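Quick one: this structure, given as structure tokens, is what I'll be asking you about.
Coordinate-derived values only; no laboratory data. As the structure is a prediction and not an experimental result, all values here were calculated from the model. Reconstructed Cβ throughout: ideal geometry from the backbone, glycine too, with neighbour counts over all protein chains shown.
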Amino acid sequence: MISGSKVILRKKTLADAHNDYRWQMDPELAWLDASPVVTMSFEDYLAAYASELRYSSPTRRSFAVDTMDGKHIGNCVYYNIDEKKGQAELGIMIGNRDYWDKGYGTDIINTLIDHIFNQTNLKRLYLKTLDSNIRAQKCFQKCRLAMYGHTVRDGFSFLLMDIHRKDWQEQQNKT
């Protein structure tokens, strides 16, 4: 478990599947994630979920996000881990709308970045967010990620952002 000020990042379990399934079936959440809405049955989803938990990828680290009182509100991940290049991509989803616009996203990203830079040799973390997702962009800017470009993928326009270990370390030394 990794503790932030508002959240705990923990290993995902089969018990998380119900919330994850519900969130991935939500059209607004799928749109914010630039992904298709899940249409498979829960039974099929659960089987795939269990397999993913059992046979995790060496280039992906996924976490469930809980509030301090243990309520599962979302997920975060770092993936496309490239040890040679020293970089990985970040992802976040707060599926429970009751926790939007209350600083949870910022705490999740800061907690994840601190964990990665304290526990790995990665030197750069990057992400893409929809050009239209201003809320996410503000969160990422609060977490010291800087814009470095744009891309279009599958008909979606994304803003590209990153943070380098040296910039993170400079910020840590100031606090």
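Given a Förster distance of 41 angstrom, what is the FRET efficiency for Leu14 paired with Leu130, based on the Cβ-Cβ distance and rounded to 0.05? Walk me through the numbers on the way to the answer.
Values: r = 30 Å, r/R0 = 0.74.
With a Förster radius of 41 Å, E is 0.85.
If you take every DSSP beta bridge fully contained in the chain, what fraction is antiparallel? Give it as a percent rounded to 5. Don't skip to the answer; put the middle values down first.
Numbers: 35 of 38 bridges.
Around 90 percent antiparallel, to the nearest 5.
Something else about it: Once the piece of chain linking Thr39 and Met25 is laid out straight, how much longer is it, given 0.36 nm per residue of separation minus the C-alpha distance between them?
Values: separation 14, 0.36 × 14 = 5.04 nm, distance 0.69 nm.
Extra length available between Thr39 and Met25 comes to 4.3 nm.
Output ³J(HN,Hα) for the range 82-98: one whole-Hz value per residue in order, computed from phi by the Karplus curve 6.51 cos²θ - 1.76 cosθ + 1.60 with θ = phi - 60°, and x for Gly and Pro.
10, 5, 5, 7, x, 9, 7, 9, 9, x, 8, 8, 9, x, 8, 4, 4
Dipole magnitude of the chain about its Cα centre, charges +1 at Lys/Arg Cβ and -1 at Asp/Glu Cβ only, in debye to the nearest 20?
Working: 24 positive and 22 negative charges, 140 e Å.
It works out to roughly 680 debye.
With each label point set 7 Å from Cα along the Cα-Cβ vector, what nm distance links Glu83 and Thr120?
1.2
Now for a different question. Just to be sure I understand the curve: with the Debye formula and one point per C-alpha of the range 2-174, what is log10 I(q)/I(0) at q = 0.11, 0.19 Å⁻¹?
Computed log10 I(q)/I(0) values: -0.46, -1.47.
May I pose another question? Show me, for the range 129-144, the HN-Hα J-couplings you get by feeding each phi into the Karplus relation (A = 6.51, B = -1.76, C = 1.60, θ = phi - 60°), rounded to Hz, glycine and proline as x.
Once rounded to whole Hz, the list reads 9, 4, 3, 7, 8, 5, 4, 5, 4, 4, 4, 5, 5, 4, 8, 6.
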